[in-house]
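The numbers here are math on the coordinates, done by the rules we state, and not lab data. Model, not experiment: these values are computed from the prediction. Cβ: placed from backbone, ideal geometry, glycine included. Neighbour counts: every protein chain shown.
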Amino acid sequence: RSLMLQTLLHHTNLTKALKLFPLKPVSTDELLVFHSKDFVDFLSDPRPEVQEEFGFGYDCEAFDNLDEFCCTLAAGTLTAADLLLEDKVTVAINWSGGWHHAKRDEAAGFCYVNDIVLAVHRLQARFKRILYVDLDVHHGDGVEDAFAFTDKVMTVSIHKREAGFFPGTGAVDDVGFGRGKFFSVNIPLLHGADDETFCHVFNSVFPVAVQRFKPDAMVVQCGADGLVGDPLGGFNLTPASLSSCVQRIVSEDKPVLLLGGGGYNIPNTVRCWCRITADLLGCELPTDIPDSD
């Protein structure tokens, strides 16, 4: 998926309009900012007899060089966060990030490490109040859980919630705990939500969240599994709705970390993220796109 996206960004000439930066390497020690030592040790030595304890074996397979893979995933998002901290960009994009289901000591939902939580912690070195917006069709449970007890991070998730639909969390009355009470905002929708419904909900909730919380920076998980035709989704969105939401977020003129997420109809996901990138740049996409690279 990442390779296809990179190819499409190249063929549509969007890479010429973007500032491209190399990854800063990340060590397994840096994963310990959020993940437990036992979990990180497992990534370095994924023994089959204990893999289920750490969430591996079903939708997250263990494989050779797992620790290197996870560090590379985290490196993209942490590099993007550093660019915001250093004032090198105002919007930093890593479409390969957005692994919002991973817990402190458990992989889940195809998410091996939670790059989002790691990035929020990194951003807090300068930005004290961070608004996290999750547009994925699945509830951003891993990120919400990580910050459910703090009033320094507000999480807003618009997602599908029905019996049997993963991860089964994100009810409207899930609002956080302790000092973090009412800093977790969940808007569960039913199967089949379309652009009109989704944008109406977003445009009703997001401005109020910004007004009340007054964030210093924002992190966006823009999963594309809510698009029409996604095999693991259930919404009927088009790229126009997700792009509209992202542009509205960026219009607040705050530093924005923009990440990918779910998206299991790969061509549709790639076209969506390419469209969002083009809209942010103010570029027209060409109609003539090659069938193959």
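Points worth noting:
- Near HIS159, the amide H atoms lying under 5 Å from its own belong to ILE187, LEU189; only residues 5 or more places off or on other chains count, and H is placed 1.01 Å from N.
- Candidates LEU281, VAL228, GLY176 compared by Cα position along the dipole of segment 172-293: farthest toward the positive end lies GLY176, with charges placed on Cβ.
- Among the trypsin sites (Lys or Arg not before Pro) within segment 83-123, those in coil by DSSP and having at most 14 neighbouring Cβ atoms inside 10 Å are LYS88, ARG104.
- For the options SER241, SER36, SER96, a Gaussian network treatment of the chain with springs between C-alpha atoms closer than 10 Å singles out SER36 as fluctuating the most.
- Mean separation of Cα pairs under 8 Å and 6 or more residues apart, divided by the residue count, gives the chain a relative contact order of 19 percent.
- Extension gain for GLU49 to VAL33 (0.36 nm times residue separation, less C-alpha to C-alpha distance): 3.1 nm.
- For the chain, calculated [θ]222 nm from helices alone, where every DSSP H run of n ≥ 4 adds -39500 (n - 2.57): -11000 deg cm²/dmol
- Charged side chains reduced to their Cβ positions (Lys and Arg at +1, Asp and Glu at -1) give segment 181-257 a dipole of some 400 debye around its Cα centre.
- DSSP bridge orientation in the chain - percent antiparallel, rounded to nearest 5: 5 percent
- Once exposed loop GluC sites (Glu not before Pro) are cut out (DSSP; at most 10 other Cβ, 10 Å), longest piece of the chain: 87-283
- Result for the chain in a Gaussian network model with C-alpha springs under 10 Å: among LEU258, LEU135, LEU20, the largest mean-square fluctuation is at LEU20.
- Residue with peak Gaussian network fluctuation, the chain [Cα springs, cutoff 10 Å], from PRO255, PRO267, PRO22: PRO22
- Segment 181-255 and segment 59-91 have Cα centres lying 23 Å from one another.
- Considering only segment 135-293, percent of DSSP beta bridges that pair antiparallel, nearest 5: 0 percent
- Checking the Cα-Cα distances for LYS88/LYS152; LYS16/LYS254; LYS103/LYS181; LYS181/LYS214 against a 22 Å cut-off, the pairs over it are LYS88/LYS152; LYS16/LYS254.
- Separation of segment 19-46 and segment 101-150, taken as the distance between their Cα centroids, equals 15 angstrom.
- Relative contact order of segment 147-293: 20 percent, from C-alpha pairs under 8 Å at least 6 residues apart in sequence.
- Cα point-scatterer Debye curve for segment 1-132, base-10 log of I(q)/I(0) at q = 0.20 Å⁻¹: -1.16
- 3J(HN,Hα) couplings calculated from phi for segment 87-99 with the Karplus curve 6.51 cos²θ - 1.76 cosθ + 1.60 (θ = phi - 60°) are, in sequence order, 6, 7, 8, 9, 10, 10, 10, 9, 5, 8, x, x, 8 Hz; Gly and Pro show x.
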